[in-house]
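Student: Got a structure for you, questions after.
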Amino acid sequence: MDRKILFVDDDESVIDLIEGILLLAKYQVIEAGSEATALNILNLDPPDAAIIDVHLTKMKDMQGLELCRGIKTNLRTQHIPVIMMSGDDRDENLILRSFAANAVDFMRKPFKAVELLARLEKRLEDVAYSLMVKNDFKPIISLKIFGQGDFERRLKQGFSFYRHVREGIVI
């Protein structure tokens, strides 16, 4: 199963670009152009990660930072890594405000596809590692996070998975 990424933006051209990048990288993309759609998706079937534009100009009730705060304060969704994005290079405080809203990362637009994919993959790995820590390093592989075929492919390619010395398990 492909990992699900919720992408929230109100600019169709950006939605098309990000969707194309993520689909090529074998992610399942769920796009939301409004806060109501995003909240509905989050409540019904939480994604593995979210990428949210800071300035959602068409959204009257909520901005991206508020949506991020809502995700991170909800017990059902607080584990979801949120990457904030913005094309606004005038407000240097956006980075600080994004991290204050508990985003795990921040990216400026325009961006390089390889950077987006690297940051996203790293954040998904961080979640997998956190799950291992919470489970006392039991050998878990969430197939929701790592699809079986993806796991086997990465293992064959020498992808560095976390090692747990106590039990001699390589994950």
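The values are calculated or read from the model by the stated rules, or taken from the named source; none is laboratory data. Remember, predicted model here, so these are calculated numbers, not experimental data. When we count neighbours, we look across all protein chains shown, and the Cβ atoms used for this are built from the backbone with ideal geometry, even at glycine. All accessible areas refer to the heavy atoms of the entire protein, side chains included, with ligands and DNA or RNA removed. Shrake-Rupley method; radii C 1.70, N 1.55, O 1.52, S 1.80 Å.
Student: All other residues with a Cβ under 12 Å from the Cβ of residue 68 taken together, and with Lys, Arg as +1 and Asp, Glu as -1, what is their net charge?
Tutor: Numbers: positive: 69, 72, 97; negative: 35, 53, 66, 105.
Result for the local shell: -1.
Student: Normalising by the residue count of region 32-96, find the relative contact order in percent from Cα pairs under 8 Å and 6+ residues apart.
Tutor: 35 percent
Student: On a 19 Å Cα-Cα criterion, which of the cross-link pairs 26/112; 4/26; 4/109; 26/109; 72/112 come out too long?
Tutor: On the way: 26/112 17 Å; 4/26 10 Å; 4/109 22 Å; 26/109 22 Å; 72/112 27 Å.
Violating the 19 Å Cα-Cα cut-off are 4/109; 26/109; 72/112.
Student: What's the carbon and sulfur percent of region 39-98's accessible surface, probe 1.4 angstrom, rounded to a whole number?
Tutor: Numbers: 1560 of 3030 Å².
C and S fraction of accessible area: 52 percent.
Student: Further question: Tally Lys/Arg at +1 and Asp/Glu at -1 over every other residue whose Cβ is under 11 Å from the Cβ of residue 100; what's the total?
Tutor: For residues surrounding residue 100, the net value is +3.
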